[in-house]
Amino acid sequence: MARKRKGRDISGWLVVDKPAGMTSTSVVNKVRWAFDAKKAGHAGTLDPDATGVLAIALGEATKTVPFITDALKSYTFTVRLGQATNTDDAEGEVIAQSDLRPDDDAIKAALGQFVGDIMQVPPKFSAVKIDGQRAYKLARDGEDVEIEARPLWVEELVMTDREDADHVMLEMTCGKGGYVRAIARDLGTALGCHGHVRELRRIWSGPFDVGDGLTLAQIEDMAKQPELDQYLRPLEEGLADLPEVKATSEGTTRLRNGNPGMVIAADVEYGDECWASFEGEAVAVGIFKAGELHPSRVFVRPQT
C-alpha cells in the first residue's frame, strides 16, 4: 500500500516574486513547506537567475497548472550586445565577440522578425529532452547538442530603453515554451553583433501579476501561520482562460463521480473545453456536449 502523503489538504494559487539565484523547484519546495501542503507545483519554469512571477499551485489547483502553462506570459529583459555565450545568458562562457553596435533604428527594425508565429531553437543549456536526456546535461558533458526548432507565438516584442551602446532593454509577450535567452541570441545574430541575456524578469503569467507576488522573505516570515493562508488565491483563477458553465445540483453529483453531468451554458459550443462551477466553486474541467460536461479533471474538495 502506498504511503499517505503528510500535510494539509489546502488548495489554491500563490504568486511568488521569485528571487535570482534559486531554481523554480527550490521555490516550490519552500512554499510547500511554508503552507505544510501535501502537494505543490509551478506553472512555467524560470531560469535560476531570472526573477518575477512564479505561479505556484497547491493541492487541487495543481490540476489547473496546464492552463496557466499554456497562457500568455510577459517578460522584461536586458540584452548584452557584442557577446555570445554558450548558455545565452551572463552565467555562460563568452564564445564570440564583436565591436559592432547597431543603432536604435536597426534594433527596432530587427525585432519584427521575432513577432507572430516563429520557429525557435531552444538554448543548448535548457531542459529540453534529447533522446531521453536533458539538453543541459549533455551540454555540460561536452557533447555537441543539436536541438530542433520549435514553434512559438510571440504576441509582442518591443524596445523600451537603451542604457548604453552595449545594452538594450526589451519587453516580450509570448505563448508557451518561449525562451527569452534564445530571443537574445537570435537578435544578436540577426544584427550581426552577437547577444545574450543579462537580466530577465517575468512581469505576468496568465492572470497572475508580479505586483501581487510575495517575496520569499515574506513567505518565510509567515510560514505555518494562518496569516499566510490569506494570500492564497482561489484555484478557479487558474481557469481564467476557459469558459465557465454552471452545473446543476444533480449534474454536480455526477461530475464529482467522474461522469458526464448536466450544465447550463451560454456562448459555449459543442466540443468546447470549459469548466463547470456549482455555487461558485469549480467542480470539473471537460468537454461540453449536448447540455452535459464530459469531465477530464474533477476537483476533490476536502470533507468538512
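The values are calculated or read from the model by the stated rules, or taken from the named source; none is laboratory data. Remember, it's a predicted structure, so these values are computed and weren't measured experimentally. Cβ atoms come from the backbone with ideal geometry, glycine included; neighbour counts cover every protein chain shown. These accessible areas exclude ligands, DNA and RNA; they are computed on the full protein's heavy atoms, side chains included. Shrake-Rupley method; radii C 1.70, N 1.55, O 1.52, S 1.80 Å.
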I'd like to know if the stretch 56-67 contains one or more residues that are farther than 25 Å from V154 by Cα, aromatic (F, W, Y), part of a helix (DSSP H, G or I) and in contact (Cβ under 8 Å) with a residue 12 or more places away in the chain. no
Qualifying residue in the stretch 36-55 (condition: part of a helix (DSSP H, G or I), touching a residue at least 40 places away in the same chain (Cβ under 8 Å), surrounded by 18 or more Cβ atoms within 10 Å (Cβ to Cβ) and not small (G, A, S)): no
Per-region count, the stretch 161-179, residues open to solvent by 10 Å² or more (accessible area, probe 1.4 Å) and aliphatic (A, V, I, L, M): 2
Since K108 meets every condition but one in (1) over 30 Å from D209 (Cα atoms); (2) part of a helix (DSSP H, G or I); (3) open to solvent by 90 Å² or more (accessible area, probe 1.4 Å), which condition does it not meet? (1)
Residue identified as open to solvent by 80 Å² or more (accessible area, probe 1.4 Å), touching a residue at least 60 places away in the same chain (Cβ under 8 Å) and closer than 22 Å to R8 by Cβ among E227, E220: E220
Filtering strands (runs of 3 or more DSSP E) wholly in the stretch 166-273 for at least 2 residues that are closer than 25 Å to D70 by Cβ and out of contact with any Gly (no Cβ under 6 Å at 6 or more places or on another chain) gives 167-174, 195-205, 244-247
Just a yes or no: is a residue in the stretch 153-160 open to solvent by less than 60 Å² (accessible area, probe 1.4 Å) and at pLDDT below 95? no
